[in-house]
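Undergrad: Here it is, the structure, as structure tokens.
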Amino acid sequence: LREAWDTGNLSTLTKNDPIIATNAHISILAHITKYELLKNLTDTDVANGIANRFLWCCSRRTQLLPEGGNFPYDIIPYDELKEALKFGSEPQQITKTKEAIARWKDIYAELAIESYGLLGSITSRAEAQVLRLALIYSLLDCSPQIAVEHLNAALALWKYCEASAKYIFSEKYGDETTENILAQIRSAGRMTTTAIHRLFSNNKTSRELNEALKHLVEGGKIIMRSEVTGGRPSNFYEVNEITK
């Protein structure tokens with residue numbers, strides 16, 4: 001899957017009789033529940049870049065149809081799709097309009113903002129995803145240039161996918177320590193740094209715990225407050241009610 005995304009050139013590992021596919025185009029459309037996904041998606045899948053090569057789109061049933069649906073196939077613009085397929089099949093270089101170049105610079109700065117945890121890893125290819133979507137939109141319009149409207153449409157779709165990923169993965173950090181700390185703070189309401197250390201029977205280093213707390217604070221999940229309790233100030237961590 002990584003090779004298909006990066007180059008489109010695929011091959012088997014058989015030395016004597018290798019099978020090679022050049023410039024392959026692969027599409028994957030899959031359905032899975034949130035529970036099953038979180039259960040089966042491993043940290044390795046996240047770390048090696050498999051997960052962030054997919055667009056995650058949440059959906060839910062909007063109505064009950066005991067007899068099944070009746071899709072209105074007459075709304076599909078077959079002629080336009082045939083024209084777009086023909087246009088997209090011709091070898092050519094697709095560029096951006098002058099206005100799109102300026103718009104892309106603004107979008108790129110927004111998309112390049114780094115996120116943390118599992119969610120950050122899964123949405124880390126935002127720039128590549130948006131640009132590829134914009135390219136698809138331009139080809140559907142049979143346009144030799146990516147225009148501002150193509151970038152805006154691509155960004156809107158990405159925002160939906162990003163929101164879907166946040167809904168799916170926001171409680172997962174790909175790190176058991178971070179997830180355990182968040183769960184304990186939510187259960188207790190607030191916790192001191194000392195209490196958090198005791199959670200792990202002092203088996204975690206201060207660096208590990210501080211890194212986990214940093215991710216939770218920067219991710220907006222918890223808030224750190226300092227209070228004077230007679231001696232030197234104590235740090236308390238509590239749930240951020242806004243993102244609760």
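The values are calculated or read from the model by the stated rules, or taken from the named source; none is laboratory data. Note that the structure is predicted; figures quoted are calculated from it, not measured. Backbone-built Cβ (ideal geometry, glycine too); neighbour counts: all protein chains shown. The accessibility values were calculated without ligands, DNA or RNA, using every heavy atom of the protein model including side chains. Shrake-Rupley method; radii C 1.70, N 1.55, O 1.52, S 1.80 Å.
Undergrad: Grab the Cα-Cα distance for S164 and L85, subtract it from 0.36 nm times how many residues apart they are, and report the gain in nm with one decimal.
TA: Between S164 and L85, full extension yields 25.5 nm more.
Undergrad: So, with a 1.4 angstrom probe, what is the percent of accessible area on segment 70-116 that is carbon and sulfur?
TA: That share works out to 55 percent.
Undergrad: Step by step: find N for segment 1-91, compute 2.2 N^0.38 Å, then divide the Cα radius of gyration by it. What's the final number?
TA: Numbers: Rg = 19.2 Å, N = 91, 2.2 N^0.38 = 12.2 Å.
Ratio of Cα Rg to 2.2 N^0.38 Å: 1.57.
Undergrad: Determine the principal axes of the Cα atoms in segment 58-102, then give the extent along each, sorted from largest to smallest and rounded to whole angstroms.
TA: 50, 28, 15
Undergrad: Relative to 2.2 N^0.38 Å, what does the C-alpha radius of gyration of segment 151-229 come to as a ratio? Two decimals please.
TA: 1.39
Undergrad: In addition: Would you mind working out the accessible area per residue for segment 1-155, using a 1.4 Å probe, and quoting it in Å²?
TA: For segment 1-155, the per-residue accessible area is 74 Å².
Undergrad: Specify the longest stretch of the chain that does not include any exposed loop site, a site being one of the GluC sites (Glu not before Pro) with a non-H, G, I, E, B DSSP assignment and at most 12 other Cβ atoms within 10 Å.
TA: Looking at the chain, 115-240 is the longest stretch - no exposed GluC sites (Glu not before Pro) with at most 12 other Cβ atoms within 10 Å.
Undergrad: While we're here: When N counts the residues of segment 92-173, how does its alpha-carbon radius of gyration compare numerically with 2.2 N^0.38 Å, as a ratio?
TA: 1.17
Undergrad: So with the 1.4 Å probe, I'd like the accessible area per residue for segment 186-233, rounded to whole Å².
TA: 68
Undergrad: A follow-up question, please. Given just the C-alpha atoms of segment 1-157, how large is their convex hull per residue in cubic angstrom?
TA: Residue-normalised Cα hull volume stands at 198 Å³.
Undergrad: Computing the accessible area with a 1.4 Å probe over protein heavy atoms, can you report the carbon and sulfur percentage for segment 155-228?
TA: 47
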